[in-house]
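The block underneath contains the structure these notes are about, expressed in structure tokens.
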Amino acid sequence: MVKDIKTSKRKWLNIGFVVLCAALLIFLYLAPDETTTPLPKDDTHIEFHSIASKKEADKLCISCHVEDGDATPLPDTHPDPYRCLFCHKRN
Ligand code: HEC
Ligand code: HEC
């Protein structure tokens, strides 16, 4: 009897944990998409919408988006600029 109660308690704890993880994942998945400027669709950036390798694209982004570059440098508050297209989505 006592054992049954314990098992069912643990079952609900496990379900709660899974639900919490799912909620976190969904939150993390949606958050950057909603707040981060997508990659613009202008003449400058159009080639990056079709570039096959996102890794190659990332290297090229920095050639313009730097301090003293041709375009807006990354703001001081910018997160680690590792994979540009991971956050600045190609919509
Ligand atoms: C040839 C130079 C050049 C390259 C390469 C380039 N950009 Fe840009 N980017 C610009 C210019 C110019 C603008 C428009 C105005 C500005 O930000 O100065 C711009 C604007 C942007 C904006 C919008 C900024 C805003 O204030 O709304 C984002 C986001 C952006 N670029 C991301 C990228 C990413 C990601 C890459 C690589 C895939 C990239 N750019 C490659 C020149 C470049
Ligand atoms: C982890 C997500 C992430 C990555 C990776 C990332 N960015 Fe950003 N980027 C952001 C966010 C969030 C902002 C707005 C930050 C702010 O206003 O402080 C931003 C802002 C910018 C801006 C200024 C214009 C705007 O929309 O506010 C430019 C330009 C830019 N990013 C270019 C790049 C480039 C180029 C790379 C790759 C070298 C890159 N980003 C990688 C999340 C990211």
Next item on the list: Report the residue count in the stretch 62-82 for those that are assigned to a loop (DSSP other than H, G, I, E, B), near ligand 2 (Cβ under 8 Å from one of its atoms) and modelled with pLDDT of 85 or more.
Entry: 10
Note to self: What's the number of the only condition in (1) without any contact (Cβ under 8 Å) to a residue 12 or more places away in the chain; (2) more than 9 Å from ligand 2 (Cβ to nearest atom) that PHE48 fails to meet?
What the structure shows: (1)
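Keeping to the stretch 41-61, report how many residues are in a loop (DSSP other than H, G, I, E, B) and surrounded by 13 or more Cβ atoms within 10 Å (Cβ to Cβ).
Number of matching residues: 2.
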Margin query: Residue under question is ARG10, and the condition is that it be open to solvent by 100 Å² or more (accessible area, probe 1.4 Å), away from ligand 2 (no atom under 11 Å from the Cβ), at pLDDT 80 or above and charged (D, E, K, R); does it hold?
Written below: yes
Note to self: Please go through the stretch 69-86 and give me each residue that is more than 11 Å from ligand 1 (Cβ to nearest atom) and open to solvent by less than 100 Å² (accessible area, probe 1.4 Å), ordered by number.
What the structure shows: PRO79
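The values are calculated or read from the model by the stated rules, or taken from the named source; none is laboratory data. For clarity, every value in this text was computed on a predicted model and none was experimentally measured. Cβ sites come from the backbone with ideal geometry, for glycine too, and all protein chains shown count toward neighbours. SASA here: full protein model, heavy atoms, side chains in, ligands and nucleic acids out. Shrake-Rupley method; radii C 1.70, N 1.55, O 1.52, S 1.80 Å.
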